[in-house]
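Participant: Below is the structure I would like to discuss, written out as structure tokens.
All of the numbers you see were taken from the coordinates with simple rules; none came from a lab. Remember, predicted model here, so these are calculated numbers, not experimental data. For neighbour counting, all protein chains shown are included, and Cβ atoms are generated from backbone atoms with ideal geometry for every residue, glycine included.
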Amino acid sequence: MFYIKLNLMLLLFTVALISCSQTPTLKNNEQNLNDSNMIHKTDAEWKAQLSNEQYYVLREKGTERPFTGALLMNKEKGVYKCAGCGAELFTDNMKFDSHCGWPSFDKEIAGGKITQTTDRSHGMVRTEITCTKCGGHLGHIFDDGPTETGKRYCVNSISLEFVPANKISESNVTNTIDSIVLGGGCFWCTEAIYEMLDGVISVESGYSGGNIKKPSYRDVCTGNTNHAEVVKIVFDNTKTNLDEIFKVFFATHNPTTLNQQGADRGSQYRSVIFYANEKQKEIATSLISELNKNVYDNKIVTTLEPFSQFYKAEDYHQNYYSSNTEKPYCKSVITPKIEKFEKLFKDRLKKK
Ligand SMILES: [Zn+2]
């Protein structure tokens, strides 16, 4: 009876939290760039920095030949930056195959990073898109996109630099792209849940917090290395935020059982948040004290540990649930968690 009451309270509380968090705060991203953030370089400086082809497209508004760009067919997870100045413009889930010969996107990362201007060259009226920060020519935007936005950002591949999600580390995060490492028991479960949350760019399963280098799954399973099974989540701050990531975390595992999730026991299954900076620690601390007060009666055992290293787990652990949905563990343990998550966060799921 006590547990039913607890679950009901958690449900109610989570619903209350969600209703406050449907629109993630966009503090750092919604202001357009002002002039002091813009880059002004002479032609000579641009020529020294860029290749001849990049200079032709970015600075002279040239167009690369269709079907020749290196990023045209790229389907990797990650972020597309301006090749002139590094401004983050698109993420992989905005890209689609338009068959037009140039990388195409249906939306941009918010924050006024792309400027639109009417272009009357070549006897046509088109809308040119340029990088707001450096003025570099990207391509054009059209109203014939096949997705719900109706937009097609048609971008020269050479105007872009691609950073794969696994290369986005704690050291080069920005206001737009951030990452967090956390453990809520078996990483197969945690990974499957976050893969579904809108704004999450990538999730990798791995190990953190232990005392040997490059541990294997077998090492970690002994419980003697002090590693936790964790996920590294890279996310787009314009579509979700750390607060929401933590709310999903607390709503989908039990933070009150020490070194245990269901039948999984051992310190490798501990509930843990590895914070990479003071801001992450503060957001976690404040949510935990709120939940302790309102829902858990001070019973939360989740540890806050400083992040030092993430070791990616063996390949067969990545996307385990989606590759093994019919296995008994997935059906009996993971599927119910997914269903709970889908119900609680139904407005925040990625569009299929
Ligand atoms: Zn730029």
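Participant: Tell me the net charge near V125. Cut-off is 15 Å between Cβ atoms, V125 excluded, with +1 for each Lys or Arg and -1 for each Asp or Glu. Mind dumping the intermediate values first?
Facilitator: Details: positive: R120, R126; negative: D119, E128, D143, D144.
Neighbourhood net charge equals -2.
Participant: Further, regarding this structure: Rounding to the nearest 10 and keeping the result within 0 to 90°, find how far the Cα-based axis of helix 335-344 lies from the longest principal axis of the chain.
Facilitator: For helix 335-344, the angle is close to 60 degrees.
Participant: Follow-up. Could you bin all the Cα-Cα distances of the chain into 20 Å bins starting at 0 and give me the percent of pairs in each, rounded to whole numbers?
Facilitator: Calculated over all Cα pairs of the chain, the distribution is 28, 50, 21, 1 percent.
Participant: Pairs of Cα atoms under 8 Å, at least six residues apart: use those to get the relative contact order of the chain, whole percent. Spell out each step's value before the answer.
Facilitator: Details: 635 pairs, mean separation 58.7, N = 352.
The normalised contact order for the chain reaches 17 percent.
Participant: What are the residues whose amide H is under 5 Å from the amide H of L89, where those residues sit 5 or more places off or on another chain and H is modelled from the backbone?
Facilitator: Y80, K81, C82
Participant: Another one. Once the dipole of the chain is set up with Lys and Arg at +1 and Asp and Glu at -1 on Cβ about the Cα centre, which of T222, G150, V234 lies farthest towards its positive end?
Facilitator: About the Cα centre, the residue reaching furthest to the positive side is T222.
Participant: What net charge do the residues around L50 carry, taking every other residue with its C-beta under 11 Å from that of L50, with Lys and Arg at +1 and Asp and Glu at -1? Write down the numbers at each step before the final one.
Facilitator: Values: positive: K41, K47, R59; negative: D43, E45, E53, E60.
Around L50, the charge tally is -1.
Participant: What ³J(HN,Hα) values, in whole Hz, does the Karplus curve 6.51 cos²θ - 1.76 cosθ + 1.60 give for the range 65-71 when θ = phi - 60°, with x put for Gly and Pro?
Facilitator: These are the phi-based 3J(HN,Hα) values: 5, x, 6, 10, x, 5, 9 Hz.
Participant: On C-alpha positions alone, give me the angle between the axis of helix 278-291 and the longest principal axis of the chain, in degrees, nearest 10.
Facilitator: For 278-291 against the chain, the angle is about 40 degrees.
Participant: Within 10 Å, at most 16 other Cβ atoms, and a DSSP state outside H, G, I, E, B define an exposed site. Report the longest part of the chain free of exposed GluC sites (Glu not before Pro).
Facilitator: Result for the longest clean stretch: 149-313.
Participant: Looking at the chain as a GNM with Cα springs under 10 Å, which of V231, V295, V272 has the largest mean-square fluctuation?
Facilitator: Looking only at V231, V295, V272, the biggest GNM fluctuation is shown by V295.
Participant: Something else about it: Compute a Gaussian network model of the chain, connecting alpha carbons closer than 10 Å, and tell me which residue from T257, T190, T117 fluctuates the most.
Facilitator: Ranking T257, T190, T117 by mean-square fluctuation puts T117 first.
Participant: How many angstrom separate the Cα center of the range 321-336 from the Cα center of the range 59-89?
Facilitator: 38 Å
Participant: So how strong a dipole does the chain carry about its Cα centre when Lys and Arg Cβ are +1 and Asp and Glu Cβ are -1, to the nearest 20 debye? It would help to have the intermediate numbers written out before the result.
Facilitator: Working: 42 positive and 42 negative charges, 111 e Å.
So the dipole magnitude of the chain works out to roughly 540 debye.
Participant: Tell me, what HN-Hα J-couplings in whole Hz come from the Karplus equation 6.51 cos²θ - 1.76 cosθ + 1.60 at θ = phi - 60° for each residue of the range 215-227, using x for Gly and Pro?
Facilitator: Going residue by residue, I get x, 9, 4, 4, 4, 5, 5, 5, x, 9, 8, 6, 6 Hz, with x marking Gly and Pro.
Participant: For F67 and L349, what is the calculated FRET efficiency with R₀ set at 35 Å and r taken between the beta-carbons, to the nearest 0.05? Before the final figure, lay out the partial values.
Facilitator: Numbers: r = 34 Å, r/R0 = 0.98.
Calculated value: 0.55.
Participant: From the backbone phi of the range 318-333, what are the Karplus-calculated ³J(HN,Hα) couplings (6.51 cos²θ - 1.76 cosθ + 1.60, θ = phi - 60°) in whole Hz, Gly and Pro given as x?
Facilitator: Whole-Hz 3J(HN,Hα) from phi for the range 318-333: 6, 6, 4, 5, 5, 8, 9, 3, 8, 5, x, 4, 5, 5, 8, 9.
Participant: Helix 242-252 versus the longest principal axis of the chain: what is the Cα-based angle in degrees, 0 to 90, to the nearest 10?
Facilitator: 40 degrees
Participant: What are the trypsin sites (Lys or Arg not before Pro) within the range 279-348 that DSSP puts in a loop, where the Cβ has at most 16 other Cβ atoms within 10 Å?
Facilitator: Numbers: sites: K279, K281, K293, K299, K312, K331, K337, K340, K343, K346, R348; in loops: K299.
Hits after loop and neighbour filter: K299.
Participant: Give, rounded to the nearest 20 debye, the magnitude of the charge dipole that the range 176-348 has about its Cα centre when Lys and Arg contribute +1 at Cβ and Asp and Glu contribute -1 at Cβ.
Facilitator: That gives a dipole near 360 debye.
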